[in-house]
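S.K.: Below: one structure in structure tokens.
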Amino acid sequence: MNRRLTLLLAVTCAVAVGNLYFPQAVGPLIATGLHVPPGAATEVVTATQLGYTAGTVLLVPLGDRLPHRPLLVTLLALTGLALLAAGCAPALPPLVAASAVVGLTTVGAQVVGPLAVGLVGADRQGAVLGALLSGSTCGMLLARTFSGTLGEWLGWRAPYVVAAVVVLLLAAVLACAVPSSTPPSRQGYAALLAGPLRLLRAEPELRRSCLYQATVFAGFSAVWTCLALLLAGPRYGLGAQAVGVIALVGAATVFCTPFAGRLVDRHGPDPVNLVCFLGVLASAAVLTAGALGGVPGLVALTLGTLMLDVAMQSGMVANQARVYALRADARGRLNTAYMTCAYLGGSAGSWLGVRIWGRTGWWGVCALVAALTAVALARHLRATGARTGRAAKGASGPERPRTGSGQRATARQ
């Protein structure tokens, strides 16, 4: 696992994740090109996201049963063909169907994680996971800009065709560059599908990591869902472009996650999680000043969302390092359980954030972030406190036998 292969796998994550986000920027162009209402064009994005959820549940566990290289290459090849079909779709229904297949198969980033962790020692797993997460962040941030610019220039089909070519070329490169591996499990497909639930029941550290990510990601989703409502409201009167500009500040996480990964390798995931929880709480406090409006409010929103992004992504590196260390023969199923819980938390956070916004406004959303993080922090302190107590008890040595009449009676017997 050299730097060249790490970079290649990070690019793979960027491309796979980018396929989920670039259709969002060409929705209006699709509506115009296919002569459908703008609302109908959003079905493309919905189909892609639903397909991705299905792929996480149905395909990612196969990484424990099949060799990683052919699985990854096959998924990319199918994604490329589905992108070509989407780019050539004559009407909206075929485009929606092709988009669902794109989402189903573009789960390469979820396969790359277990693959990369299996190629490095335990002392480098955090750094590699941080690099892969940087690639995913780049794909998420750049995909919309790429598709929007190219779509305005050449039409909505161009981003699909260009993405298809890139994915197919990447599949060819990975077929030669990724080393072969031996599948860690021989279980049948039905057992693999049931594996994530079984692991959630059997592994308390997996449940702990899932709780951490679900709660923090729920607060993250609540903030970004309601941020557009705050900026478009009477206090600011700004459009969607303001949200995009603030989101670009989150590109700093590209540089922070590799550093967080090195800290995980050096100190373990628990200290990094603790710092991240405190960072989320601090971001919630800073974000409350966004309700003031004006330039001070915008500064607070920019700084607060940056802190939130860095803390959430860095905590994800720590959580994944803890999860992957549990069982080397079940990393695909562990990742499925973890990512499913994370996305469920994010969906719940968006739903809850909108409703709290309607009742209490921006202050309530920030309080929600703090409350969710407090739940995770309390669980974290309990877990680390219990571990410290066991370590102290073990360090004190075995209990000495008591002297007195009882010991003398035992000796006589």
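S.K.: Checking THR48 against (1) under 26 Å from VAL178 (Cβ atoms); (2) over 23 Å from the mean Cα position of the chain (by Cα); (3) free of Cβ contacts under 8 Å to residues at least 60 places away in the same chain, only one condition comes out false. Which one?
M.R.: Unmet condition: (2).
S.K.: For the stretch 75-106, name all the residues that are out of contact with any helix residue (DSSP H, G or I) (no Cβ under 7 Å at 6 or more places or on another chain) and in contact (Cβ under 8 Å) with a residue 40 or more places away in the chain.
M.R.: Passing the criteria: LEU81, CYS88, ALA97.
S.K.: Moving on. Identify, please: which residue in the stretch 274-297 is in a helix (DSSP H, G or I) and not hydrophobic (A, V, I, L, M, F, W, C) and is, among those, farthest from GLN213 (Cα to Cα)? Talk me through it step by step, then tell me what you get.
M.R.: Going residue by residue through the stretch 274-297, those that are in a helix (DSSP H, G or I) are 274-292, 294-297.
From the residues that got through so far, the ones that are not hydrophobic (A, V, I, L, M, F, W, C) too are 279, 283, 288, 290, 294, 296-297.
On the way: GLY279: 14, SER283: 16, THR288: 22, GLY290: 25, GLY294: 33, PRO296: 30, GLY297: 28 Å.
Checking each candidate, the answer is GLY294.
S.K.: Considering only residues that are among the polar types (S, T, N, Q), within 17 Å of the chain's Cα centre (by Cα) and modelled with pLDDT under 90, which ones fall in the stretch 238-285?
M.R.: Hits for the stretch 238-285 are THR253, THR257.
S.K.: Would you be able to say whether some residue in the stretch 223-237 is modelled with pLDDT of 90 or more and either loosely packed, with under 15 Cβ neighbours inside 10 Å or out of contact with any Pro (no Cβ under 6 Å at 6 or more places or on another chain) (or both)?
M.R.: Step one: list which residues in the stretch 223-237 are modelled with pLDDT of 90 or more, which gives 223.
The next check asks that each one be either loosely packed, with under 15 Cβ neighbours inside 10 Å or out of contact with any Pro (no Cβ under 6 Å at 6 or more places or on another chain) (or both); those that pass are 223.
Scanning the stretch 223-237, I find at least one residue that is modelled with pLDDT of 90 or more and either loosely packed, with under 15 Cβ neighbours inside 10 Å or out of contact with any Pro (no Cβ under 6 Å at 6 or more places or on another chain) (or both), so the answer is yes.
S.K.: Filter the stretch 313-338 for residues that are buried (at least 24 other Cβ atoms within 10 Å of the Cβ) and among the aliphatic types (A, V, I, L, M); which is nearest to the chain's Cα centre (by Cα)?
M.R.: The qualifying residue nearest to the chain's Cα centre (by Cα) is MET316.
S.K.: Only one of these conditions is not met by ILE356: (1) in contact with a Leu (Cβ under 8 Å, 6 or more places away or on another chain); (2) farther than 30 Å from GLY233 by Cβ. Which number is it?
M.R.: Of the numbered conditions (1) in contact with a Leu (Cβ under 8 Å, 6 or more places away or on another chain); (2) farther than 30 Å from GLY233 by Cβ, the odd one out for ILE356 is (2).
The values are calculated or read from the model by the stated rules, or taken from the named source; none is laboratory data. Please read these numbers as outputs of a predicted model, since none were measured by experiment. We place every Cβ from the backbone using ideal geometry, glycine too, and count neighbours over all the protein chains shown.
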